[in-house]
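> Attaching a single structure in C-alpha cells format; questions to follow.
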Amino acid sequence: MIYLDNSATTEPDPQVLETYVKASSRYFANPASLHRLGNEAEDLLESARSQIKGLLGYGRIIFTSGGTEANNLAIRGAAHANQEKGRHIISCKTEHPSVLEPLKQLEKEGFEITLLSVDRKGAIDLADLQQALRVDTILVSLMQVNNEIGTIHPLADIRRMLNNHRALFHVDAVQGAGKLPLSEQEMPDLLTVSAHKFHGLKNSGVLAVHKAELEPILFGGGQEGGLRSGTVSVPNAAALAKALRLATPNPDHLEWNAELRSFFAGYKDIFIVSPSSAAPHILAVAIKDVRGETLVGALQQEGVIVSTSSACSSKNKQASHVIEAIGLPREYRDGTIRISFGAMTTHEDISELKKRFHKAHQLIKGVEQS
Amino acid sequence: MKTNQILIRYGELSTKGRNRKAFISRLRNNIQTLFAGTPTLRIKAERDRMFLFCDDEQGMEDIVSRLPYVFGIQSFSPVTQTSLELDEMKHTALSIVSKMDTKDKSFKVSVKRPNKEFPYEKPEIMRTIGGYVLGNTPELTVAMRNPDIDLSVEIRQDAAYMMAETIQGAAGLPIGAGGRALLMLSGGIDSPVAGYHMLKRGVRLELIHFFSPPFTTERAKEKVLDLAEKLSGFGSPVTLHIIPFTEIQQEVHKQVPDNITMTSTRRMMMRIADAVRAKTDAKAIITGESLGQVASQTLESLQAINAVTNTPILRPLIAQDKLEIIETAQAIGTYDISIRPYEDCCTIFTPANPKTKPKTDKVEHYESFVSFDEMIDRAVAEREIIEFPRKKQQRFEDLL
C-alpha cells in the first residue's frame, strides 16, 4: 500500500509512539498533584513545553486537543479578549473550517467578519488586505499552507503590514509546521500546530502565543494558565515535543512534486490545481468530467491511498469551498484529488504512483467510453 | 530599518561622585552576566549613558523585556536605525509610533543633524516625518512643549537614528555595590519582596529556607526554588541554603508551652541564619517582617527573636502595608509563585493563640532545658546548597 494522504494525517513515528507509551506508564500522575509523582509529571510537562518553545520560537505554549481547538481558542479567545478595541476580524475564504466556523459564530455574536477572496492560485491580494484593515480590526487570521491545494500565504508581507497595526495576527500552521519552518519575519502573534500532521499523535496540538491577550473557551480547573482547563496530557505533550524535534523539511519533496507535475501534464484531461509556488508536499490535480471519489476509489484498488480535496470535506457531496473559491473550470470542479507527502514517503512511492495512476486512469476512461 | 541599539540613562548612580566608575562597571558586568545567552550583545559605557548594541532581533526583544528589572537604570530607549532616505525615515517613524499608545497623546519630532551633508534642513525633516506620522495617526495632537511622545531623530554620517519610547528602569543601585546579606525566604509573599528591595539597594543575596518534611511538602520546597530563580533574575546570581528543620521544630514543641512555640521557633531560625550568614561572609540578615502583620511581628516579638544575635537585621518592609507589598510582588513576578497553596514550616505548627507580647527572659528559660546548639550545628552542616540561576539539565533525554 502506498500512502499519499499525509495532509489528512500521518503515520505516527515509532519513536514518538515509544515516548507516548513510556510517558503514559512512567509519568501517569496528574501534573497538578502535590506529591512527588505529580511533581515529576509536571517536570516532564514543562520540559516538553520548553522544548516546543525553543523549536517554534515562542514564549508561551498552550497544549490543546488539536488544531481545531487551538484555532478556536486563538480566534474566539482573541476576539473576546479584545472586543473593547474593536469587533472586526479579517480572514480568507479558503481557510480551514476550524477557522471559518468559529468566525461564523462570532458573526452571530455581533462581530464583523471580512473574508478575503482568492485568485485562481488560491492567493490573496495584499492590496485587498490593506483595504480591509480598519481601525477596529482586532484580528487577522490566515493559514500558512492551504490544506487542499497547498497555496502558501505571504506571511512575511502580511506580518510587515500588521506591524503598523494593532490587530493580532493568527496563523493556522497545521499544514506547514514541521515541514516549512517560519522565518522570524513571518512569525505571527498566535500560531496553531497539530501533532498528527507531522507523525505525532491525534488529539494533540498547541497554540503558541506571543504577546496576545486571550480569553479561555473552556472553563474548569484553570490549567494552562487559566486558558485551557482540563488535566493536561503529559504523554501527549511529550510526544508532541518529540515529533516536532524529529520533523525536518524534506528537500526531495520539491523534486518529486516537479516530477509528478510533468507526469500529469502528459494527460489532456488532467488539470494541475496547485499553483507552482505551492507547498511541495501537497499536489492537487483535477480530472475532467469524473468525480474525485471515483479516481480515489480506482487508485485504492491499485493500492494507492490519496484523498479528494480534503479529508474533512470529502464526505460532503458538493465541491469544497476552496475549489469554489479558486474558481476551477466547471468540468474539473468535481474531480479534484489531493496527493500529499510525509516524512515516510519515498521516491519509489512516487514512481509507483505514476504507474498505478496510469492503470486507474485507463480503467475509468474505459468505463466512460463504453 | 532595524532596532539594534538601546540607550540607557543611569539611575542614582550619576550622583555618586568618585565612585562613579566603579558603579558603571558594576552595572555593565551585571548586564553582561544577565544576557550571557546573547553573544551578539556589545556594551559601550560612557560617563552619562550606556549603549547596548545587538544585531539579533530575538536577543533584542529579550533585552528589552528584561532590562526594566535591572537596577541602576533610570530609563532606557530602544533606538531604530534607518538609511538616510527621507522616505524610509518617515515609514520607520510611523512604525515606531504605531507600536505605542497614541490615544489622546501629544506628539513632536525633534531633529539633530550632525551630518551637515544631509540634503534636507531640520524644519523640512521635521515637517516630512511629523506630517507623515500625524497623517496616519489621527488621534495624535501636536505639542512642542512637553509632548507625551517625543520622537527624536539624529542624522549621522552612516545612518539616521530614531527613538520615541522611554521605558522606565528599576532605578536603585547596581547589584553588588552594597555588599552581601542573607535573606530568610519562607515561600510567602513578603520575603521575596524584602529581598527585592535590598537587591535594589545594590545588595547581593544569599537565601536561607527552613524545610520540615513531611510536614511541608516537596511542592512547598519547589515554590522556594522558583522564588530563588526569580530573585536571581535581576542581574546577580544567588545561593539558596535549605535547612533540614523538622527535628528542631519538633523539639521546640516538646519543650516550650504552646503559646510561645512560635517565638522560640523563630529564635532557632535566627540562630541558624546567623550561623549560615557567618559562613557566607554576609554582613546582615534580611527578613520580610512588617510590623503588626502577625503575632511574630509585634515589637515585643521582634525584640524576643532579635535577642539571639547582634547581627544587623534589615526589615525593608517593616512600615509597608500588605497591599503595597502585594503590588510589588505582582510587579516583580513573585506573587503568583508565593500564593501557591502549599504550607511552609511557619504556618504548619502555628498554635491557636500565640503570644503577641512574649517576654524574652521567659522564652530563654523554657529553651534552657535542652541543648539546641548541637541540633543547630547539625542543621547547618546538613544544609542543601543550590545555586541560581539553575543550569537547565535535560532530564528527559530518552523521552523528548
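The values are calculated or read from the model by the stated rules, or taken from the named source; none is laboratory data. Keep in mind that what you see is a predicted model, and the values were worked out from it rather than measured. Don't worry about glycine lacking a Cβ; one is built from the backbone with ideal geometry, like all the others, and counts go over all protein chains shown. Ligands, DNA and RNA are excluded from the accessible area calculation, which covers all protein heavy atoms including side chains. Shrake-Rupley method; radii C 1.70, N 1.55, O 1.52, S 1.80 Å.
> How long, wide and thick is region B:113-212, going by the Cα atoms along their three principal axes, in whole angstroms, largest first?
71, 33, 23
> Mind telling me which of B:182, B:67, B:134 comes out most flexible in a GNM of chain B, alpha-carbon contacts under 10 Å?
B:134
> What's the Kirkwood radius of region B:180-388 in Å, using all Cα pairs? Provide the component values of the computation, followed by the final result.
Values: mean 1/r = 0.0588 Å⁻¹.
Taking every pair of different Cα atoms in region B:180-388, averaging 1/r and inverting gives 17.0 Å.
> Roughly how compact is region A:131-170, stated as its Cα Rg over 2.2 N^0.38 Å to two decimals?
1.25
> Rule-of-thumb check for chain A: C-alpha Rg over 2.2 N^0.38 Å?
Expressed relative to 2.2 N^0.38 Å, the Cα Rg reads 1.02.
> So, for chain B, what is the accessible surface per residue at a probe of 1.4 Å, expressed in square angstrom?
Numbers: 18840 Å² over 400 residues.
Each residue of chain B exposes 47 Å² on average to a 1.4 Å probe.
> In whole percent, and with a 1.4 Å probe on the protein chains, what portion of the accessible area of chain A is carbon and sulfur?
Looking at chain A in its full context, I get 51 percent from C and S.
> Over the protein assembly as shown, what portion of Cα pair distances is larger than 34 Å, expressed as a whole percent?
Details: 180262 of 296065 pairs.
Value for the protein assembly as shown: 61 percent of Cα pairs lie more than 34 Å apart.
> Of the beta bridges DSSP finds with both residues in region B:2-168, what % are antiparallel, to the nearest 5?
In region B:2-168, DSSP labels about 75 percent of beta bridges as antiparallel.
> Can you pull out the GluC sites (Glu not before Pro) in region B:47-110 that DSSP calls coil and that have at most 15 other Cβ atoms within 10 Å?
Working: sites: B:57, B:61, B:85, B:88; in loops: B:85.
Here the GluC sites (Glu not before Pro) that fit, given the DSSP loop and packing criteria, are B:85.
> Let me ask another. Select from B:363, A:147, A:258 the residue farthest towards the positive end of the dipole of the protein assembly as shown; place +1 on Cβ of Lys and Arg, -1 on Cβ of Asp and Glu, and compute about the Cα centre.
B:363
> Express in % the proportion of alpha carbon pairs of chain B at distances exceeding 32 Å.
On the way: 37706 of 79800 pairs.
Pairs farther apart than 32 Å: 47 percent.
> Additional query: For region A:196-276, divide the Cα radius of gyration by the Kirkwood radius and give the resulting Rg/Rh value with two decimals. Write down the numbers at each step before the final one.
Working: Rg = 20.2 Å, Rh = 16.7 Å.
Looking at region A:196-276, the ratio lands at 1.21.
> In region A:171-185, which residues give up 50 Å² or more of accessible area once the other protein chains are added, compared with their chain alone (1.4 Å probe)?
A:184
> So how strong a dipole does region A:250-365 carry about its Cα centre when Lys and Arg Cβ are +1 and Asp and Glu Cβ are -1, to the nearest 20 debye?
Using Cβ point charges on Lys, Arg, Asp and Glu, region A:250-365 gives about 400 debye.
> Please report the antiparallel percentage of the DSSP beta bridges confined to chain B, to the nearest 5.
Working: 32 of 56 bridges.
So the antiparallel bridges in chain B amount to around 55 percent.
> Along the charge dipole of the protein assembly as shown, Cβ charges K/R +1 and D/E -1, which of B:250, A:181, B:240 sits furthest on the positive end?
Selected residue: B:240.
> Mean-square fluctuation check for chain A, GNM, Cα pairs under 10 Å: which of A:88, A:80, A:358 is largest?
A:358
> Still on this structure, please answer the following. Would you compute, from DSSP H runs of 4+ residues alone, the mean residue ellipticity of the protein assembly as shown at 222 nm, taking -39500 (n - 2.57) per run and dividing by the full residue count, rounded to the nearest 500?
Rounded to the nearest 500, it is -12000 deg cm²/dmol.
> Name the residues of region A:21-40, by number, that are at least 50 Å² less accessible with every protein chain in place than in the isolated chain; the surface is that of heavy atoms, probe 1.4 Å, without ligands or nucleic acids.
Listed in order, they are A:34, A:39.
> Let me know the charge dipole size of region A:14-246 about its Cα centre in debye, to the nearest 20, where only the beta-carbon of Lys, Arg (+1) and Asp, Glu (-1) is charged.
Dipole size: approximately 440 debye.
> Same structure, new question: Need one value for A:47-55: mean number of C-beta atoms belonging to other chains within 10 Å of its residues' C-beta atoms.
2
> What are the ³J(HN,Hα) values, in whole Hz, obtained from phi via the Karplus relation 6.51 cos²θ - 1.76 cosθ + 1.60 with θ = phi - 60°, for each residue of region A:19-34 in sequence order, with x given for Gly and Pro?
4, 4, 5, 4, 5, 5, 8, 7, 10, 7, 5, 6, x, 8, 6, 6
> If you don't mind, there's one more thing I want to ask. On a C-alpha basis, how far is the centre of region A:172-208 from the centre of region B:25-95 in Å? Whole number, if you could?
Between the Cα centres of region A:172-208 and region B:25-95 lies a distance of 31 Å.
> So for chain A: antiparallel DSSP bridges make up what percent, rounded to the nearest 5?
50
> Suppose a student asked you for the relative contact order of region B:263-363, using Cα pairs under 8 Å spaced at least 6 residues apart; what percent would you report? Walk me through the numbers before you get to the answer.
On the way: 95 pairs, mean separation 34.2, N = 101.
Relative contact order, region B:263-363: 34 percent.
> Give the distance, in whole Å, between the Cα centre of region B:214-249 and the Cα centre of region A:89-117.
Each part reduced to its Cα centre gives a spacing of 49 Å.
> Compactness ratio of region B:1-80: Cα Rg over 2.2 N^0.38 Å, N = residue count? Provide the component values of the computation, followed by the final result.
Details: Rg = 12.1 Å, N = 80, 2.2 N^0.38 = 11.6 Å.
Ratio of Cα Rg to 2.2 N^0.38 Å: 1.04.
> For a distance above 17 Å, tell me the whole-number percent of Cα pairs in region A:219-322 that qualify.
70
> Related question: When the Cα centres of region A:23-82 and region A:229-289 are compared, how far apart do they sit, in Å?
Comparing the Cα centres of region A:23-82 and region A:229-289, I get a distance of 27 Å.
> Of chain A, which part is the longest with no chymotrypsin sites (Phe, Trp or Tyr not before Pro) in a loop (DSSP not H, G, I, E, B) and with at most 16 other C-beta atoms within 10 angstrom?
Formally, the longest exposed-site-free interval is A:29-218.
> Sticking with this one: Just to be sure I understand the model, the point goes 7 Å from the Cα along the line to the Cβ. What's the resulting residue A:22 to residue A:81 distance in nm?
3.4
> Now a separate question. With a cut-off of 16 Å, note down the residues of region B:214-235 whose backbone N falls inside the zone around a label point 7 Å from the Cα of residue B:378 toward its beta carbon.
Within reach of a label on residue B:378, which here means backbone N under 16 Å from a point 7 Å along Cα→Cβ, region B:214-235 contributes B:214.
> Using +1 on the beta carbon of Lys and Arg, -1 on that of Asp and Glu, and nothing else charged, what's the dipole of the protein assembly as shown about the Cα centre, debye to 20?
The calculated dipole for the protein assembly as shown is roughly 1500 debye.
> Residue A:128 versus residue B:253, label points 7 Å from Cα toward the beta carbon: distance in nm?
7.2
> If I compute solvent accessible area with a 1.4 Å probe over the protein chains, what percent of it on chain B is carbon and sulfur?
49
> Output the residues of region B:15-64 meeting this criterion: accessible area (heavy atoms, 1.4 Å probe) in the chain alone minus accessible area with all protein chains in place is 30 Å² or greater.
Listed in order, they are B:57, B:58, B:61.
> For chain A, what is the relative contact order in percent, using Cα pairs closer than 8 Å and at least 6 residues apart in sequence?
Computed over chain A, the figure is 23 percent.
> Right, here's the next one. To one decimal place, what orientation-averaged projected area in nm² is obtained for the convex hull of the Cα set of region A:1-138?
The orientation-averaged projected area of the Cα hull of region A:1-138 comes to 12.9 nm².
> For the pair residue A:344/residue B:46, report the inter-label distance in nm, with labels modelled 7 Å from Cα in the Cβ direction.
Taking the two extended label points, one gets 6.3 nm.
> So what is the relative contact order of chain B, in percent, for Cα pairs below 8 Å that sit 6 or more residues apart?
17
> Most mobile of B:205, B:183, B:314 per a Gaussian network model of chain B (Cα springs, under 10 Å)?
Result for chain B, Cα springs under 10 Å: B:314 fluctuates most.
> To the nearest 100 Å², how much accessible surface do chains A and B cover up together, summed over both, with a 1.4 Å probe?
The summed interface area works out to 2000 Å².
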